[in-house]
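The structure appears below as structure tokens.
The values are calculated or read from the model by the stated rules, or taken from the named source; none is laboratory data. This structure is a prediction, so every number in the text was calculated from the model and none was measured. As a convention, Cβ positions derive from the backbone with ideal geometry for all residues, glycine included, and neighbour counts pool all protein chains shown. Keep in mind that these areas ignore ligands, DNA and RNA; they rest on the heavy atoms of the full protein, side chains included. Shrake-Rupley method; radii C 1.70, N 1.55, O 1.52, S 1.80 Å.
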Amino acid sequence: ISGQAPHWVCSSLKKHVGCMLLSSPGHTVDGYGQNLAEESSPNTLFSLLDELERLGIRVWVHGGWAIDAVTNSSRVHEDIDLLAHESARPILRQRFESDLINEKIHKLEFRFGPTSVEVTFFGAMGRGSLVTVTPDIIVRWGRKSFAGETAQLGGRDIPIVSKGVLYVEVTHRVRKKEPMLEKNARDLERLAPHVTDDIKRQAQKLFPVEN
């Protein structure tokens, strides 16, 4: 694989999917200086999605994992970012009570296997519009934000937010500190070729405002 960019190599047996992140000799993953391979596997994400489906909770993957899927590229991930309707909160709280890390007005954080999971909630606010309110920002979601879009990660389709939402996540600067801005800039380099001018125009309506 000499000369190739880092990529997922997966094999499956029935419902089990095993994946490894491979890079060419001397090739670093997202500038971290090492090949994290098994430690950066999407297996945990797949298991989590299966568990949430069993619980009857619909979620959308956003952040770095969704960008991996859209761009067919990879980087190191510190956690799993999901979006879900506010009605899922009590079910998640009960299921992951012993693994709960933190709960705030807009999200739940819990451990799942070796990683942490952050579920951000949205709810309805007047005339059917969807909104997420955090202590720092207010996000008004568009009609296509949760339109059932999927993308492949390691040979499996995963539910993701729209590309417009992903574009907003890595370009808005409201209440962000420098480390996050630097990570967003790297993700934008991967995402930009997959975002059309029309998506960018529509995304302008989704940019958050300070709370």
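What do you reckon, is residue 95 open to solvent by 70 Å² or more (accessible area, probe 1.4 Å), modelled with pLDDT under 95 and more than 24 Å from residue 156 (Cα to Cα)? Spell out how you get there, then give the answer.
Values: open to solvent by 70 Å² or more (accessible area, probe 1.4 Å): yes; modelled with pLDDT under 95: no; more than 24 Å from residue 156 (Cα to Cα): yes.
For residue 95, the condition - open to solvent by 70 Å² or more (accessible area, probe 1.4 Å), modelled with pLDDT under 95 and more than 24 Å from residue 156 (Cα to Cα) - is not met.
I'd like to know if segment 10-30 contains one or more residues that are closer than 26 Å to residue 164 by Cα, open to solvent by 40 Å² or more (accessible area, probe 1.4 Å) and either at pLDDT 95 or above or in contact with a helix residue (DSSP H, G or I) (Cβ under 8 Å, 6 or more places away or on another chain) (or both). Can you show your working first?
Keep residues of segment 10-30 that are closer than 26 Å to residue 164 by Cα, which gives 29-30.
Restricting the remaining residues to those that are open to solvent by 40 Å² or more (accessible area, probe 1.4 Å) gives 30.
Still in the running and either at pLDDT 95 or above or in contact with a helix residue (DSSP H, G or I) (Cβ under 8 Å, 6 or more places away or on another chain) (or both): 30.
Yes, because at least one residue in segment 10-30 is closer than 26 Å to residue 164 by Cα, open to solvent by 40 Å² or more (accessible area, probe 1.4 Å) and either at pLDDT 95 or above or in contact with a helix residue (DSSP H, G or I) (Cβ under 8 Å, 6 or more places away or on another chain) (or both).
On inspection, residue 128 does not qualify as more than 22 Å from residue 54 (Cβ to Cβ), surrounded by 13 or more Cβ atoms within 10 Å (Cβ to Cβ) and modelled with pLDDT under 95.
Yes/no per residue for (1) surrounded by fewer than 20 Cβ atoms within 10 Å (Cβ to Cβ); (2) free of Cβ contacts under 8 Å to residues at least 60 places away in the same chain; (3) hydroxyl-bearing (Ser, Thr, Tyr):
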residue	(1), (2), (3)
135	yes, no, no
156	yes, no, no
161	no, no, no
170	no, no, no
196	yes, yes, yes
199	yes, yes, no
205	yes, no, no
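Pairing residues of segment 108-119 that are on the phi < 0 side of the Ramachandran plot with residues that are assigned to a loop (DSSP other than H, G, I, E, B) and not acidic (Asp, Glu), at Cβ distances under 7 Å and at least 6 apart in sequence or on separate chains, gives 110/96.
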